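Notes follow the structure.
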Protein chains: 2
Amino acid sequence: MNNDRQRQTQFIQQLLQASKNPQPLTPNSPQGLGSAPVNIALSKYWGKRDKVLNLPINGSVSISLPGLGTETVLKPLQTGQDKIVLNGEQLGADVTFAKRLSLFLDYFRSDACPAFTVETVNSVPTAAGLASSASGYAALVLALDDLFGWQLPKTDLSLLARFGSGSASRSLFDGFALWHRGEQEDGMDSFAEALDSHWPEFCIGLVKVDTKEKAVGSTVGMQQTVETCDLYKSWPEQAERNLQTISQAIIEQNFGTLGKTAEHNALSMHATMIATWPPIVYWQPESVAAMQIVWQLREQGTEVYFTMDAGPNLKLIMQAKDQDKVRNAFAEHGTQVDFILPFAE
Amino acid sequence: MNNDRQRQTQFIQQLLQASKNPQPLTPNSPQGLGSAPVNIALSKYWGKRDKVLNLPINGSVSISLPGLGTETVLKPLQTGQDKIVLNGEQLGADVTFAKRLSLFLDYFRSDACPAFTVETVNSVPTAAGLASSASGYAALVLALDDLFGWQLPKTDLSLLARFGSGSASRSLFDGFALWHRGEQEDGMDSFAEALDSHWPEFCIGLVKVDTKEKAVGSTVGMQQTVETCDLYKSWPEQAERNLQTISQAIIEQNFGTLGKTAEHNALSMHATMIATWPPIVYWQPESVAAMQIVWQLREQGTEVYFTMDAGPNLKLIMQAKDQDKVRNAFAEHGTQVDFILPFAE
């Protein structure tokens, strides 16, 4: 067992010590169910300080989108390979998605449960800028908790989800979530937790620019940035400061500060990608056109901001009262916006 | 006289000590002529360390474009205000361009020559991404030298041109030019000089995206970047390193290294603008479309790179042999490219 693998196994074992099941890798129900929303980072995660345990260089804050996400059913399988079914279609073992999932499941195999059937349904297009890997790993971790009867608190489950995909740690929660950078080498303090703020006016607008698969995956992208982007050296300090400002603005429900800081933060993250070599430009011509509509709306007095992840799509940060103005402005350019109210009753 | 004005006057006086005319502000011919090319920075200038003397935070390297630039005729005027004629049209004294020119000419007035007639013709669209202010101030400084009979060396004239507009220092030269950052507080060592490299294969392609006036002028833009962009803190170090790499690549005529470093440098400068608040995004949708054509050409094996200034237009860095391939690739998208061979006979 090499050193990386050893650190990973230790991490899992340490986590499972808090399990209510004395034999945490023995299923105590016929199947486990998990369901988790996608989340949009308002203060971004870009860059790992530890690739083995998936520890971030900086903390991040997100909002979960109810109604968009992943539902997963997990069943023990007595023999053979994992059977992975995505949106009703069984995947070959050589498909990247299936391979990655099976590697993650390796940490939870035992004589009692050597393999798994994973049936997972995404209500968002895979790899299209809405991070389905986040809701996917969060749902899987919830399904594992259910199957094995761990009854772990969500903050602990966020550590497990993080191990699968960084941003998945934030998808354990509805509403706003804060994923802490953490300081410890063992990664046990880099968990996510809910930021308590019920904000009915808070609204996300999804501007669909392009739903093709991404050219550069975010794991590879952030690695290239850390390695070749000089400007990235100044990113962690900005990211940490933005995180504080945004967390405070969420608690105070100060919309202007939240929107402004989130847009600046997203553009700065994209700036580090653009200044990477070879350049990582997730923007499409339509992304720039959409930005220009947002800036024009602001010039005309409508307080709307945007954020962008490792893809070409814009996510609008706005207030429920401005839905008509925003819808109309984008409609003039032939672009549709879907609105989501994370705190609607 | 305030302190800024005093430093500026001292700077001019110190420069004119080398004049061959013992009375350097007395015309010794009926008119002065000046002509200078526009230049394109291959390693960018973005940020001033001294606004009063126009001293840059980092040095830069450029290529001049023969046939595109400014021709200026300067005549003494005995009475009244300056008369400023741009492309055959006399400008009102309240036009920004005329005001800026008159402020610059203030340093060269005397009883013998209290005002000037300036007739200036640009063969490039004003403020369209090809920096006509660079060729404009270079041509004006050459016309001043001619009118007053200073016979100053071009490196000295580059100091004067810099005083009018930073990038103008590089427009005193044909071919490649290096504008030194300098170290001295009095600005006397922040001059430009020719980089000696005759390179007939070296080719610039002008991709015209948009020739509207710029939204944010570069002086204001760089100031906002220096003040609000965290990532900018890491820029000077990159800029200085890129400058060394590009200067060396010019001397060695190493095209790949030159192109790669120049594109990375330009994207990094734009990254600092994008990470400024409010954001400065000179890119138009068509800019991103043009970048994608360049990257596709490279994927197909054609060694073509791009640079961009404080505007939406791309300037291709390429070799003469690839003109057909590049022309055709852009023509497929309905975009025209003008080719310039800086070292053609």
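The values are calculated or read from the model by the stated rules, or taken from the named source; none is laboratory data. On a predicted model such as this, the values are computed, not experimentally measured, just so you know. Positions of Cβ are backbone-derived with ideal geometry, glycine not excepted, and every protein chain shown enters the neighbour counts. Heads up: the accessible areas ignore ligands, DNA and RNA and are worked out on the full protein's heavy atoms, side chains in. Shrake-Rupley method; radii C 1.70, N 1.55, O 1.52, S 1.80 Å.
What number of residues in the range B:80-126 are part of a loop (DSSP other than H, G, I, E, B) and touching a Phe, Trp or Tyr at 6+ places or on another chain (Cβ under 9 Å)?
Residues in the range B:80-126 being part of a loop (DSSP other than H, G, I, E, B) and touching a Phe, Trp or Tyr at 6+ places or on another chain (Cβ under 9 Å): 4 in total.
Cβ-Cβ under 6 Å, sequence separation 6+ or interchain: first residue in the range B:184-199 and assigned to a loop (DSSP other than H, G, I, E, B), partner polar (S, T, N, Q). Which pairs?
Final answer for the pair search is B:191/B:155; B:191/B:158; B:199/B:253.
Return only the number of the condition from (1) among the hydrophobic types (A, V, I, L, M, F, W, C); (2) open to solvent by less than 40 Å² (accessible area, probe 1.4 Å); (3) over 26 Å from the mean Cα position of the chain (by Cα) that residue A:255 does not satisfy.
So the condition that residue A:255 fails would be (3).
Select from the range A:204-256 the residues that are part of a loop (DSSP other than H, G, I, E, B) and hydrophobic (A, V, I, L, M, F, W, C) and list them in ascending order.
A:209, A:215, A:216, A:229
Output yes when any residue across the range A:10-19 is part of a loop (DSSP other than H, G, I, E, B), farther than 17 Å from residue A:243 by Cβ, without any contact (Cβ under 8 Å) to a residue 12 or more places away in the chain and open to solvent by 40 Å² or more (accessible area, probe 1.4 Å), and no when none is.
yes
In the range B:133-163, how many residues are assigned to a helix (DSSP H, G or I) and open to solvent by less than 10 Å² (accessible area, probe 1.4 Å)?
Going through the range B:133-163 one residue at a time, the tally reaches 16.
Across the range A:168-183, what is the number of residues that are closer than 19 Å to residue A:51 by Cα and open to solvent by less than 20 Å² (accessible area, probe 1.4 Å)?
Final tally of qualifying residues: 5.
Out of B:244, B:223, which single residue is more than 25 Å from residue B:294 (Cβ to Cβ) and either away from chain A (no Cβ under 14 Å) or exposed (fewer than 15 other Cβ atoms within 10 Å of the Cβ) (or both)?
B:223
Can you go through A:79, A:26 and tell me which one is open to solvent by 20 Å² or more (accessible area, probe 1.4 Å), among the hydroxyl-bearing types (Ser, Thr, Tyr) and free of Cβ contacts under 8 Å to residues at least 60 places away in the same chain?
Only one candidate qualifies: A:79.
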